[in-house]
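One structure is given here, and the rest of the page talks about it.
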Amino acid sequence: MSPRSHQDTVSAWDRDALAGRAARGGDRAEAELAGAIADFFLADDTRLDDRTRAALAAVVRGIVAGVEADIRRHAARLLADRDRPALAEGVLMRSPDVLGRLMRAGVLRDADLMNELIARVRLDLIEEALPVAVSGPDMPSLLVRLANAPDRVVAAAAMALLAADNRRRDAHESGVGIDVDLPADLHRRLVWWTAAAVRGSPESGTDPETDHAIATAAQRTLTTHDDTDRVDTVAQRLAVAIMPRRSELPDLLVESLGDRRLRLFVALLAQALDVPVDQARAITLEPAGDRLWLACRAIDLDRSTIARIALALADADPTRDIEAFADELDAIAAVANDDARGALASLALHPDYRGAIRALAGRVR
């Protein structure tokens with residue numbers, strides 16, 4: 001490169017900014033190295049597989065994009081109504097990389113949020129891969145039968161779950177996340193983080209009118225959120241409406257898997273165990289399955305039913321070791337249900353209490 005062309009290049013980059021560029025490049029290199037080291041030392045059984053990672057990335061993008069679009073559109077409309085077209089246009093065009101800002105700020109590393117999203121993604125992936133009609137290929141689907149039940153409460157709850165599940169699946173196929181599938185507290189956090197990212201960096205400056213419009217738009221998004229519309233919540237209502245007898249529960253659990261309604265399976269399991277649904281979901285998603293088989297014995301499922309559940313889940317989830325399960329099936333079936341309930345008693349504790357116990361276990365020797 002000639003001295004002249006080198007001078008032009010430096011000028012184009014702006015000499016005053018060169019030190020900043022160099023510093024940012026060094027920071028990026030350090031961050032990339034730290035990430036590579038952390039990834040290398042992760043145990044294989046704690047690392048997300050490629051399919052889950054890709055699905056999680058798509059869900060995060062979709063949810064953030066949906067919240068961002070709502071906030072931008074309404075804030076721009078408010079500003080336009082106040083005869084501030086330039087500000088309205090600025091809101092629509094400001095900070096195009098909202099997801100990037102949230103990622104760089106680290107707020108999406110929130111443990112509660114990521115736990116919810118990862119569980120949601122794993123539920124979706126397993127549900128989509130479940131073998132159809134485990135209980136028999138000629139039987140009508142469980143949810144269709146429940147939607148036509150003579151009990152109007154059960155029928156209404158089943159119809160609501162069909163509608164909620166269809167909305168979720170349509171949004172999943174279109175690539176747009178459903179923010180109403182987040183619990184209210186997590187939805188609130190995400191909305192305000194996104195609003196701040198739409199606003200832009202503190203250095204860029206934002207006039208008070210724009211701030212007010214963005215905040216008002218965020219509040220509007222929060223008021224439209226309804227926890228009762230979440231698929232998990234609707235599935236819980238159906239489980240409560242059914243209130244299965246002990247003799248009916250095994251077939252309902254197996255049929256819910258055959259109907260590819262994993263959330264209904266989780267809701268029925270939570271009700272039978274009398275534990276929070278997030279705890280039932282956690283043990284259902286664990287690849288090892290130890291706590292799930294204890295749960296099955298705690299609600300007195302027999303050897304055959306446990307085997308059918310295990311086979312269905314293993315067909316849908318390649319991380320499960322069905323051969324290891326087969327070797328242990330006799331021992332699992334021999335566990336007394338009182339012993340199983342005692343082993344899982346902590347699942348029913350208040351979540352804050354469980355968290356405090358874990359915190360002390362990690363710090364006190």
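Report yes if some residue within segment 262-280 is open to solvent by 50 Å² or more (accessible area, probe 1.4 Å), closer than 20 Å to A164 by Cβ, touching a residue at least 12 places away in the same chain (Cβ under 8 Å) and in contact with a Leu (Cβ under 6 Å, 6 or more places away or on another chain); otherwise report no.
No, segment 262-280 has no match at all.
Could you count how many residues in segment 304-322 are within 18 Å of L123 (Cα to Cα) and in a helix (DSSP H, G or I)?
Number of matching residues: 8.
Return the residue satisfying two criteria in turn: it lies in segment 90-115 and is open to solvent by less than 20 Å² (accessible area, probe 1.4 Å) and of a type outside the set (V, I, T), and of such residues it is nearest to T194 (Cα to Cα).
The selected residue is L102.
Among the residues of segment 166-187, count how many are farther than 16 Å from R122 by Cα, modelled with pLDDT of 75 or more, under 15 Å from the mean Cα position of the chain (by Cα) and not in a loop (DSSP other than H, G, I, E, B).
Residues that pass the stated criteria total 4.
I'm trying to understand the selection: among the residues of segment 224-257, which are out of contact with any helix residue (DSSP H, G or I) (no Cβ under 7 Å at 6 or more places or on another chain) and open to solvent by less than 30 Å² (accessible area, probe 1.4 Å)?
none
Taking segment 220-235 as the search range and keeping residues that are charged (D, E, K, R) and in a helix (DSSP H, G or I), which one is modelled with the highest pLDDT?
Per the criteria, the residue is R220.
Of the residues D27, D14, D50, D70, which single one is modelled with pLDDT under 90 and closer than 30 Å to E128 by Cα? If you could, list the steps in order and put the result at the bottom.
Working: D27 fails: closer than 30 Å to E128 by Cα; D14 fails: closer than 30 Å to E128 by Cα; D70 fails: modelled with pLDDT under 90.
Among D27, D14, D50, D70, only D50 is modelled with pLDDT under 90 and closer than 30 Å to E128 by Cα.
The values are calculated or read from the model by the stated rules, or taken from the named source; none is laboratory data. Values in this document were obtained by computation on a predicted structure and should not be read as measured data. Ideal geometry is used to build each Cβ from the backbone, glycine not excepted, and the neighbour counts take in all protein chains shown. Surface areas here come from the heavy atoms of the whole protein model, side chains and all, with no ligands, DNA or RNA. Shrake-Rupley method; radii C 1.70, N 1.55, O 1.52, S 1.80 Å.
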